[in-house]
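Below: the structure, in structure tokens.
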């Protein structure tokens, strides 16, 4: 009986592939799977681009003309009130930002400094100081 097992064990050892064949097969299999994944991802990108283009087509139709936002025809008679220490340039910049963000819907009437406590000032300092 020992002779039969020794013959079977010797045949199994002789049929094993060499280390180079195993390494070459493993490396080639990995690269083939990577290439396959590249094609799958590229295909998904094209599919999603096509779906996005379909969504954009109805939106690209010309919308009915909307009247422009009504801007005040006359400049404000009373300039915005500002606290002491706020320069007129800063007030003008804030007023321009409000007008641009609201499309002319809102008007700046006053500018005053926020009364911050110690915790708020510490929060502003920690959030705005450089790294």
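Is it the case that residue 110 is surrounded by 10 or more Cβ atoms within 10 Å (Cβ to Cβ), over 29 Å from the mean Cα position of the chain (by Cα) and modelled with pLDDT under 90? No: the conditions fail for residue 110. Go through the stretch 76-131 and give me each residue that's touching a strand residue (DSSP E or B) at 6+ places or on another chain (Cβ under 9 Å) and assigned to a helix (DSSP H, G or I). Correct list: 88, 90, 91, 94, 95.
The values are calculated or read from the model by the stated rules, or taken from the named source; none is laboratory data. Remember, it's a predicted structure, so these values are computed and weren't measured experimentally. All Cβ positions, glycine included, derive from the backbone under ideal geometry; neighbour counts span all protein chains shown.
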